[in-house]
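Chemist: Below is one structure. I have some questions about it.
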Amino acid sequence: MLVVIDYNVGNVKSVCNAFRYIGCDVKLSCEPGDIEDAAGLVLPGVAAFGYAVNALGTAAEIIKKVARTGKPLLGICVGFQMLFDKSSEYGRHNGLGLVSGSVVPIPTEQTVPHMGWNQVKLPKDMDLFAGLGSEKHFYFAHSFYADVADNKAKVAFTDYGFDLPASVQKANIYGTQFHPEKSSKAGLKVLRNFAQICEGTNP
Amino acid sequence: MLAKRIIPCLDVKDNRVVKGIHFLNLRDAGDPVELGARYSEDGADELVFLDITATIRSRKTIVELVEKVAENVFIPFTVGGGIQTVEQMDELLRSGAEKVSVNTAAVQNPNLITEAARRFGNQCVVLAIDARRSKAKPDKWQVCVKAGSEPTDIDAVEWAAEGERLGAGEILLTSMDADGTKAGYDIELTKAVSDAVNIPVIASGGAGKLEHLYEAIVDGRADAVLMASITHFENYTINQMKEYLAGRGIPVNL
């Protein structure tokens, strides 16, 4: 069973819908017991960073603890950004600190928000992208991005006038800046790959 | 670089998709959830659902529709038609819509755009503009409200720029003159609005042939093209449109 962390942000329901559509058993919950028993965790998020961190509240510590035991964790959009150390969106906020780096504004030379379908170069050694080939379009909608500073993290990039980190993988920690739950067939494949990682049947 | 988007539009009346000409003479085009899922499967980049009944009774129906669509469609979709308050937007966004579009209510109360952008973010707020070439000033277009039935004195290009300033994240621009004619988008209107704003413009009204899509993107500088008749009645599939555009050098998500 996968647990999608329930903490009053925008896309929680869409993420559950997508996992259910591909036949995964998911539970929407923020209960410590459920988080500890889950085969894997999904941290969604459509909100400002500070709002999301506050809404997550005490669940943050449990997620961090469980993630350190090696349980797969997938952060999506702001959930992805929260994997990092800190963000400068509307003030300074600390993230979960599971991957080194900070969340900073997209340079103003680019149209902000970065919204729409952009092509991501898919490294062969990133498990989330197994079976997807070397490049695929995914749906993005965000104004800040994660500047990854972790040399243990594998990173997939998209071109938005600069190399924008679209996805990271560091051991059992996974994240996508884009929305797999809104990225059609390629997005559903990413979620299926994550579900397989959680079941221990590597994609 | 972002791909140019292909967006089928589903006008919904009494739980059916309908399509007319110049906003009139509606013809049935199928079940909204089925049609939405089919377009998603066929490679559409986004969908737009417009509740053209937009009555109090239809509000509940549209929320239920959005929930059903969200269970079956895994691409972003916008919902519009008769939205008057941020509470109504909140309900639709929570039900699974990615964005909401406002039209008449924004003309009556421009502050609605700002309120919505502050609460949900600019990327959630689409300003829909129904524009008609002005008879008095043929080089201008006037904004029409109430499903196109009521012309105003507002200049469409100026209103689009004002919409951006107020916080809209996107302009959905429909030419009432071209709507349903399949004679091509109003390129002059599309270009005038695209040149006046920095946010994405979705060209709407008039698509009939594949080259119309190309013209709207290249000559009209549109970021996305919306269509109804040519997909609902299966003249072209989404995939055919994308292959055509890709063949002419337009970046698309194929």
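Chemist: Within the stretch A:183-203, which residues are within 14 Å of another protein chain (Cβ to nearest Cβ) and either more than 13 Å from the chain's Cα centre (by Cα) or within 21 Å of A:ILE63 (Cα to Cα) (or both)?
Modeler: A:SER183, A:SER184, A:LYS185, A:ALA186, A:LEU188, A:LYS189, A:LEU191, A:ARG192
Chemist: Please go through (1) buried (at least 17 other Cβ atoms within 10 Å of the Cβ); (2) touching a Phe, Trp or Tyr at 6+ places or on another chain (Cβ under 7 Å) for A:VAL155 and return the number of the only condition it doesn't satisfy.
Modeler: The failed condition is (2).
Chemist: Right, another one. Only one of B:PHE74, B:PHE49 is within 29 Å of A:ASN118 (Cβ to Cβ) and under 18 Å from the mean Cα position of the chain (by Cα). Can you tell me which?
Modeler: Within the list B:PHE74, B:PHE49, the selection yields B:PHE49.
Chemist: Let me ask something else about it. Residues B:LEU166, B:LEU213: which one is under 16 Å from B:ILE113 (Cα atoms) and either surrounded by 24 or more Cβ atoms within 10 Å (Cβ to Cβ) or touching a residue at least 12 places away in the same chain (Cβ under 8 Å) (or both)?
Modeler: Exactly one of B:LEU166, B:LEU213 is under 16 Å from B:ILE113 (Cα atoms) and either surrounded by 24 or more Cβ atoms within 10 Å (Cβ to Cβ) or touching a residue at least 12 places away in the same chain (Cβ under 8 Å) (or both), namely B:LEU166.
Chemist: Any idea how many residues of the stretch B:160-181 are over 16 Å from the mean Cα position of the chain (by Cα) and more than 14 Å from chain A (Cβ to nearest Cβ)?
Modeler: Residues in the stretch B:160-181 being over 16 Å from the mean Cα position of the chain (by Cα) and more than 14 Å from chain A (Cβ to nearest Cβ): 5 in total.
Chemist: Of all residues in the stretch A:121-140 being within 14 Å of another protein chain (Cβ to nearest Cβ) and touching a helix residue (DSSP H, G or I) at 6+ places or on another chain (Cβ under 8 Å), which is nearest to B:ALA3 (Cα to Cα)?
Modeler: Per the stated criteria, the residue is A:HIS137.
Chemist: Next up: For A:TYR139, indicate whether it is buried (at least 22 other Cβ atoms within 10 Å of the Cβ) and either in contact with a strand residue (DSSP E or B) (Cβ under 8 Å, 6 or more places away or on another chain) or over 28 Å from B:PRO200 (Cβ atoms) (or both).
Modeler: So A:TYR139 passes the test.
Chemist: Answer yes or no as to whether B:SER134 is within 14 Å of another protein chain (Cβ to nearest Cβ) and farther than 24 Å from B:GLN84 by Cβ.
Modeler: In short, no.
Chemist: Name the residues in the stretch A:31-67 that are without any contact (Cβ under 8 Å) to a residue 24 or more places away in the chain and either buried (at least 19 other Cβ atoms within 10 Å of the Cβ) or over 22 Å from B:ARG94 (Cβ atoms) (or both), would you?
Modeler: Within the stretch A:31-67, A:GLY33, A:THR58, A:GLU61, A:LYS65 meet the criteria.
Chemist: Within the stretch B:213-249, can you find the residues that are aromatic (Phe, Trp, Tyr) and over 23 Å from B:PHE23 (Cα atoms)?
Modeler: Scanning the stretch B:213-249 gives B:TYR214, B:TYR244.
Chemist: Let me ask something additional. Hey, can you tell me all the residues within the stretch B:68-100 that are more than 22 Å from B:LEU112 (Cα to Cα) and of a type in the set (D, E, K, R)?
Modeler: Within the stretch B:68-100, B:LYS68, B:GLU71 qualify.
Chemist: Please go through (1) under 19 Å from the mean Cα position of the chain (by Cα); (2) within 14 Å of chain A (Cβ to nearest Cβ) for B:ARG119 and return the number of the only condition it doesn't satisfy.
Modeler: For B:ARG119, the exception is condition (1).
Chemist: Only one of (1) within 14 Å of another protein chain (Cβ to nearest Cβ); (2) over 14 Å from the mean Cα position of the chain (by Cα) fails for A:ASP34. Which number is that?
Modeler: (1)
Chemist: Still on this structure, please answer the following. Has the stretch A:114-137 got any residue that is under 13 Å from the mean Cα position of the chain (by Cα), among the hydrophobic types (A, V, I, L, M, F, W, C) and closer than 30 Å to B:GLY43 by Cα?
Modeler: yes
Chemist: Go through (1) of a type outside the set (S, T, N, Q); (2) surrounded by 22 or more Cβ atoms within 10 Å (Cβ to Cβ); (3) more than 12 Å from chain B (Cβ to nearest Cβ); (4) touching an Asp or Glu at 6+ places or on another chain (Cβ under 8 Å) one by one and return the number of the condition A:MET82 breaks.
Modeler: In the conditions (1) of a type outside the set (S, T, N, Q); (2) surrounded by 22 or more Cβ atoms within 10 Å (Cβ to Cβ); (3) more than 12 Å from chain B (Cβ to nearest Cβ); (4) touching an Asp or Glu at 6+ places or on another chain (Cβ under 8 Å), A:MET82 misses (4) alone.
Chemist: Quick one: which residue in B:SER194, B:SER229 is of a type outside the set (A, V, I, L, M, F, W, C) and either touching a helix residue (DSSP H, G or I) at 6+ places or on another chain (Cβ under 8 Å) or surrounded by 22 or more Cβ atoms within 10 Å (Cβ to Cβ) (or both)?
Modeler: Among B:SER194, B:SER229, only B:SER194 is of a type outside the set (A, V, I, L, M, F, W, C) and either touching a helix residue (DSSP H, G or I) at 6+ places or on another chain (Cβ under 8 Å) or surrounded by 22 or more Cβ atoms within 10 Å (Cβ to Cβ) (or both).
Chemist: Another question, if that's okay. Looking at (1) more than 9 Å from every other protein chain (Cβ to nearest Cβ); (2) within 17 Å of A:LYS86 (Cα to Cα), find the lone condition where A:SER143 falls short.
Modeler: (1)
Chemist: Right, another one. Taking the options B:VAL193, B:VAL157, B:VAL143, name whichever one is modelled with pLDDT of 95 or more and touching a Pro at 6+ places or on another chain (Cβ under 9 Å).
Modeler: Checking each option against the conditions leaves just B:VAL143.
Chemist: While we're looking at this one, here's another question. Looking at B:ARG27, B:ARG38, B:ARG16, which is the one that is touching a Lys or Arg at 6+ places or on another chain (Cβ under 8 Å) and at negative phi?
Modeler: B:ARG27 is the lone residue from the list that is touching a Lys or Arg at 6+ places or on another chain (Cβ under 8 Å) and at negative phi.
Chemist: Can you say whether B:LEU127 is at pLDDT 95 or above and not in a loop (DSSP other than H, G, I, E, B), as far as the supplied structure shows?
Modeler: Against the criterion (at pLDDT 95 or above and not in a loop (DSSP other than H, G, I, E, B)), B:LEU127 qualifies.
The values are calculated or read from the model by the stated rules, or taken from the named source; none is laboratory data. Keep in mind the model is a prediction, meaning the values are calculated, not measured. Ideal geometry is used to build each Cβ from the backbone, glycine not excepted, and the neighbour counts take in all protein chains shown.
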